[in-house]
Amino acid sequence: KRVAILFSGGGSNMVALIESMVGDHPARPVVAVSNNAEAGGLTKAQTLGVATDVVDHRPFKGDRDAFEAVLNETLAAHAPDIICFAGFMRIFTERFISRWAGQMINIHPSLLPKYKGLNTHARALEAGETQAGCSVHEVRLQLDDGPLLGQARVPVLSGDTPDKLAARVLEQEHILYPAVLKRFAEGDKTPVLLP
Ligand code: GRF
(Lines give C-alpha, C1' and ligand atoms only; values in the text may rest on other atoms or scores of the structure.)
Protein backbone atom coordinates (compact mmCIF):
# COMPACT_ATOMS: atom_id res chain seq x y z
CA LYS A 1 0.00 0.00 0.00
CA ARG A 2 1.17 3.54 -0.87
CA VAL A 3 0.98 5.95 2.08
CA ALA A 4 0.88 9.76 1.98
CA ILE A 5 1.42 11.57 5.27
CA LEU A 6 0.04 15.10 5.84
CA PHE A 7 1.46 17.27 8.62
CA SER A 8 1.80 20.91 9.63
CA GLY A 9 4.54 21.03 12.24
CA GLY A 10 7.34 19.00 13.78
CA GLY A 11 6.04 15.75 12.33
CA SER A 12 7.14 13.38 15.12
CA ASN A 13 4.17 11.13 14.29
CA MET A 14 5.14 11.27 10.62
CA VAL A 15 8.68 10.15 11.53
CA ALA A 16 7.32 7.27 13.63
CA LEU A 17 5.09 6.17 10.75
CA ILE A 18 7.89 6.36 8.15
CA GLU A 19 10.30 4.46 10.39
CA SER A 20 7.71 1.72 10.94
CA MET A 21 7.21 0.96 7.24
CA VAL A 22 10.20 -1.35 6.74
CA GLY A 23 10.84 -5.00 5.92
CA ASP A 24 7.72 -7.01 5.12
CA HIS A 25 5.39 -4.17 6.20
CA PRO A 26 2.39 -4.00 3.83
CA ALA A 27 2.84 -0.25 3.29
CA ARG A 28 5.48 2.20 2.06
CA PRO A 29 5.62 6.01 2.47
CA VAL A 30 5.39 7.69 -0.95
CA VAL A 31 5.12 11.37 0.02
CA ALA A 32 5.01 13.68 3.05
CA VAL A 33 3.01 16.86 2.42
CA SER A 34 2.83 19.95 4.60
CA ASN A 35 0.71 23.10 4.35
CA ASN A 36 3.58 24.95 6.02
CA ALA A 37 6.84 25.57 4.15
CA GLU A 38 8.59 26.12 7.52
CA ALA A 39 7.41 22.80 9.00
CA GLY A 40 10.23 21.08 10.87
CA GLY A 41 8.98 17.75 9.59
CA LEU A 42 10.00 18.52 6.00
CA THR A 43 13.72 18.06 6.63
CA LYS A 44 13.03 14.98 8.75
CA ALA A 45 11.11 13.34 5.89
CA GLN A 46 13.82 14.27 3.40
CA THR A 47 16.52 12.84 5.70
CA LEU A 48 14.49 9.62 5.80
CA GLY A 49 14.44 9.57 1.99
CA VAL A 50 10.74 10.33 1.58
CA ALA A 51 9.59 12.77 -1.12
CA THR A 52 8.06 15.94 0.27
CA ASP A 53 5.71 18.58 -1.04
CA VAL A 54 4.38 21.85 0.35
CA VAL A 55 0.93 23.21 -0.43
CA ASP A 56 0.73 26.46 1.50
CA HIS A 57 -2.86 27.25 2.40
CA ARG A 58 -2.28 30.97 2.92
CA PRO A 59 -2.36 32.15 -0.73
CA PHE A 60 -5.86 30.64 -0.98
CA LYS A 61 -7.15 32.95 1.78
CA GLY A 62 -9.89 30.67 3.07
CA ASP A 63 -10.90 29.40 -0.37
CA ARG A 64 -10.85 25.79 0.78
CA ASP A 65 -11.91 24.41 -2.60
CA ALA A 66 -8.96 26.06 -4.36
CA PHE A 67 -6.51 24.89 -1.69
CA GLU A 68 -7.89 21.35 -1.83
CA ALA A 69 -7.75 21.29 -5.65
CA VAL A 70 -3.98 21.88 -5.50
CA LEU A 71 -3.59 19.46 -2.60
CA ASN A 72 -5.50 16.82 -4.58
CA GLU A 73 -3.23 17.30 -7.59
CA THR A 74 -0.17 16.90 -5.36
CA LEU A 75 -1.58 13.81 -3.71
CA ALA A 76 -2.87 12.23 -6.93
CA ALA A 77 0.64 12.53 -8.44
CA HIS A 78 1.78 10.02 -5.79
CA ALA A 79 -1.32 7.81 -6.10
CA PRO A 80 -1.70 7.05 -2.38
CA ASP A 81 -3.87 4.19 -1.14
CA ILE A 82 -3.83 5.58 2.40
CA ILE A 83 -3.58 9.17 3.69
CA CYS A 84 -2.34 9.56 7.27
CA PHE A 85 -2.98 12.91 8.95
CA ALA A 86 -0.30 13.53 11.58
CA GLY A 87 -0.71 16.94 13.13
CA PHE A 88 -2.28 18.43 9.99
CA MET A 89 -4.03 21.55 11.20
CA ARG A 90 -6.43 22.30 8.35
CA ILE A 91 -10.13 21.40 8.11
CA PHE A 92 -11.46 19.82 4.90
CA THR A 93 -14.62 20.32 2.89
CA GLU A 94 -17.11 17.54 2.28
CA ARG A 95 -15.80 17.35 -1.29
CA PHE A 96 -12.29 16.44 -0.16
CA ILE A 97 -13.57 13.94 2.42
CA SER A 98 -15.74 12.15 -0.15
CA ARG A 99 -12.93 12.20 -2.75
CA TRP A 100 -10.66 10.19 -0.38
CA ALA A 101 -13.38 8.42 1.61
CA GLY A 102 -12.21 5.25 3.27
CA GLN A 103 -8.53 6.02 2.71
CA MET A 104 -7.89 8.58 5.48
CA ILE A 105 -6.87 8.08 9.11
CA ASN A 106 -5.97 10.64 11.77
CA ILE A 107 -4.41 10.71 15.21
CA HIS A 108 -5.91 12.93 17.87
CA PRO A 109 -4.37 13.51 21.32
CA SER A 110 -7.38 12.60 23.48
CA LEU A 111 -9.49 9.59 24.43
CA LEU A 112 -12.21 10.23 21.83
CA PRO A 113 -15.07 10.94 21.90
CA LYS A 114 -13.85 13.18 24.73
CA TYR A 115 -12.00 16.43 23.96
CA LYS A 116 -12.40 16.83 20.22
CA GLY A 117 -10.70 19.95 18.89
CA LEU A 118 -7.70 21.77 20.32
CA ASN A 119 -5.91 22.10 23.70
CA THR A 120 -6.94 18.58 24.64
CA HIS A 121 -4.47 18.06 27.49
CA ALA A 122 -5.22 21.36 29.23
CA ARG A 123 -8.94 20.57 29.00
CA ALA A 124 -8.48 17.06 30.40
CA LEU A 125 -6.44 18.39 33.34
CA GLU A 126 -8.96 21.18 33.90
CA ALA A 127 -11.71 18.56 34.09
CA GLY A 128 -9.77 16.52 36.66
CA GLU A 129 -9.43 13.45 34.45
CA THR A 130 -7.37 10.61 35.98
CA GLN A 131 -6.59 9.16 32.53
CA ALA A 132 -5.72 10.68 29.16
CA GLY A 133 -4.37 9.40 25.88
CA CYS A 134 -4.65 9.39 22.11
CA SER A 135 -6.95 7.98 19.47
CA VAL A 136 -6.61 6.98 15.83
CA HIS A 137 -9.80 7.12 13.79
CA GLU A 138 -11.02 6.97 10.22
CA VAL A 139 -11.56 10.49 8.92
CA ARG A 140 -15.19 11.33 8.22
CA LEU A 141 -16.93 14.66 7.75
CA GLN A 142 -17.22 15.47 11.46
CA LEU A 143 -14.00 16.90 12.92
CA ASP A 144 -12.04 14.45 15.12
CA ASP A 145 -14.76 11.88 14.69
CA GLY A 146 -15.11 8.63 12.81
CA PRO A 147 -14.78 4.91 13.48
CA LEU A 148 -12.14 4.26 16.15
CA LEU A 149 -9.10 2.28 14.96
CA GLY A 150 -7.00 2.56 18.09
CA GLN A 151 -6.60 4.12 21.49
CA ALA A 152 -3.75 4.35 24.01
CA ARG A 153 -4.30 5.36 27.65
CA VAL A 154 -1.87 7.03 30.06
CA PRO A 155 -2.38 7.99 33.71
CA VAL A 156 -2.69 11.62 34.70
CA LEU A 157 -0.11 12.17 37.45
CA SER A 158 -0.20 14.70 40.26
CA GLY A 159 1.61 17.87 39.29
CA ASP A 160 0.93 17.23 35.59
CA THR A 161 1.04 20.26 33.36
CA PRO A 162 -0.35 20.21 29.80
CA ASP A 163 3.22 19.89 28.49
CA LYS A 164 4.09 16.99 30.80
CA LEU A 165 0.90 15.17 29.88
CA ALA A 166 1.41 15.93 26.17
CA ALA A 167 4.87 14.38 26.29
CA ARG A 168 3.54 11.24 28.00
CA VAL A 169 0.74 10.93 25.40
CA LEU A 170 3.04 11.68 22.46
CA GLU A 171 5.22 8.70 23.42
CA GLN A 172 2.14 6.50 23.08
CA GLU A 173 1.12 8.17 19.81
CA HIS A 174 4.39 6.97 18.30
CA ILE A 175 3.52 3.39 19.28
CA LEU A 176 -0.20 3.48 18.54
CA TYR A 177 -0.23 5.15 15.13
CA PRO A 178 2.26 2.72 13.46
CA ALA A 179 0.39 -0.24 14.96
CA VAL A 180 -2.90 1.02 13.58
CA LEU A 181 -1.40 1.82 10.16
CA LYS A 182 -0.08 -1.74 9.83
CA ARG A 183 -3.50 -3.24 10.55
CA PHE A 184 -5.28 -0.69 8.36
CA ALA A 185 -2.89 -1.48 5.47
CA GLU A 186 -3.77 -5.17 5.92
CA GLY A 187 -7.47 -4.32 5.80
CA ASP A 188 -7.91 -5.18 9.47
CA LYS A 189 -10.03 -2.62 11.32
CA THR A 190 -9.90 -4.35 14.71
CA PRO A 191 -9.10 -1.49 17.10
CA VAL A 192 -5.61 -1.44 18.67
CA LEU A 193 -6.09 -0.82 22.40
CA LEU A 194 -3.04 0.00 24.54
CA PRO A 195 -1.77 -0.79 27.10
C1 GRF B 1 0.51 15.54 18.65
O2 GRF B 1 -0.10 15.64 19.92
C3 GRF B 1 -0.53 15.06 17.66
O4 GRF B 1 -1.48 14.19 18.24
C5 GRF B 1 -1.19 16.33 17.26
O6 GRF B 1 -0.12 17.27 17.14
C7 GRF B 1 0.88 16.93 18.14
C8 GRF B 1 2.24 16.99 17.52
O9 GRF B 1 2.29 16.02 16.55
N10 GRF B 1 -1.93 16.14 16.07
P11 GRF B 1 3.61 15.83 15.61
O12 GRF B 1 4.81 15.84 16.54
O13 GRF B 1 3.64 17.02 14.68
O14 GRF B 1 3.40 14.52 14.92
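The values are calculated or read from the model by the stated rules, or taken from the named source; none is laboratory data. In this text the structure is predicted, and so the values were computed from the model without any measurement. Here the Cβ is made from the backbone with ideal geometry for all residues, glycine too, and neighbour counts use every protein chain on show. Surface accessibility is based on the protein's heavy atoms, side chains included, excluding ligands, DNA and RNA. Shrake-Rupley method; radii C 1.70, N 1.55, O 1.52, S 1.80 Å.
For segment 20-150, what class follows from the C-alpha gyration tensor (a ≥ b ≥ c being the square roots of its eigenvalues): rounded when a/c is under 1.5, otherwise prolate if a/b is larger than b/c, else oblate?
Judged from the Cα gyration tensor, segment 20-150 comes out prolate (a/c at least 1.5, a/b above b/c).
Round to the nearest 10 and report in Å² the accessible area of TYR115, as given by a 1.4 Å probe over the protein chains' heavy atoms.
Here the accessible area works out near 50 Å².
What's the FRET efficiency of VAL70 with GLU126 using the Cβ-Cβ distance as r and R₀ = 35 Å, to the nearest 0.05?
0.35
Filter the trypsin sites (Lys or Arg not before Pro) in segment 1-99 to those in DSSP coil with at most 12 other Cβ atoms within 10 Å of their Cβ, and list the result.
Sparse-neighbourhood loop trypsin sites (Lys or Arg not before Pro): LYS61.
Note down the magnitude of the dipole of segment 66-195 about its Cα centre, charges +1 on Lys and Arg C-beta and -1 on Asp and Glu C-beta and zero elsewhere, to the nearest 20 debye.
About 120 debye.
Can you tell me the accessible area per residue over segment 135-195, all protein chains present, probe 1.4 angstrom, in square angstrom?
Computed with neighbouring chains in place, this is 51 Å² per residue.
So in the chain, what percent of DSSP beta bridges are antiparallel if you round to the nearest 5?
35
Once you keep just the Cα pairs under 8 angstrom separated by 6 or more residues, what percentage relative contact order results for segment 90-195?
Relative CO of segment 90-195 lands at 26 percent.
Give me, ordered by chain and number, the residues 5 or more places off LEU111 or on other chains with an amide H under 5 Å from its own placed amide H.
Residues meeting the criterion, in which the H sits 1.01 Å from N, are GLY133.
Helix 64-78: angle to the longest alpha-carbon principal axis of the chain, degrees 0 to 90, nearest 10?
80
Would you work out the relative contact order for segment 22-159, in percent, from Cα pairs under 8 angstrom that are 6 or more residues apart?
Taking the mean separation of contacting Cα pairs over the length of segment 22-159, I get 16 percent.
With a 1.4 Å probe and every protein chain kept in, tell me what percent of the accessible surface of the chain is carbon plus sulfur.
54
Name the most mobile residue of ALA32, ALA167, ALA127, meaning the one with the largest mean-square fluctuation, in a Gaussian network model of the chain with Cα contacts below 10 Å.
Looking only at ALA32, ALA167, ALA127, the biggest GNM fluctuation is shown by ALA127.
In percent, how large is the relative contact order of segment 11-60, given Cα pairs closer than 8 Å and 6 or more residues apart?
The value is 38 percent.
Report the residue, chosen from GLY102, GLY159, GLY117, that carries the largest GNM mean-square fluctuation when the chain is represented by alpha-carbon nodes joined by springs under 10 Å.
The residue with the greatest mean-square fluctuation here is GLY159.
Per residue of segment 107-121, what does 6.51 cos²θ - 1.76 cosθ + 1.60 with θ = phi - 60° give for ³J(HN,Hα)? Whole Hz please, x for Gly and Pro, Karplus curve as stated.
Coupling constants for segment 107-121: 10, 10, x, 7, 8, 4, x, 6, 6, 5, x, 9, 6, 5, 6 Hz.
Looking at the square roots a ≥ b ≥ c of the eigenvalues of the Cα gyration tensor of segment 155-195, which shape do they give, rounded for a/c under 1.5, prolate if a/b is larger than b/c, or oblate?
Note, shape of segment 155-195 comes out prolate.
What residue among ILE91, ILE105, ILE83 has the largest mean-square fluctuation in a Gaussian network model of the chain, using Cα springs under 10 Å?
In this elastic network of the chain, the residue with the biggest mean-square fluctuation among ILE91, ILE105, ILE83 is ILE91.
Nearest 10 degrees is fine. How inclined is helix 162-185 to the longest principal axis of the chain, computing both from alpha carbons?
Helix 162-185 and the main axis of the chain meet at about 50 degrees.
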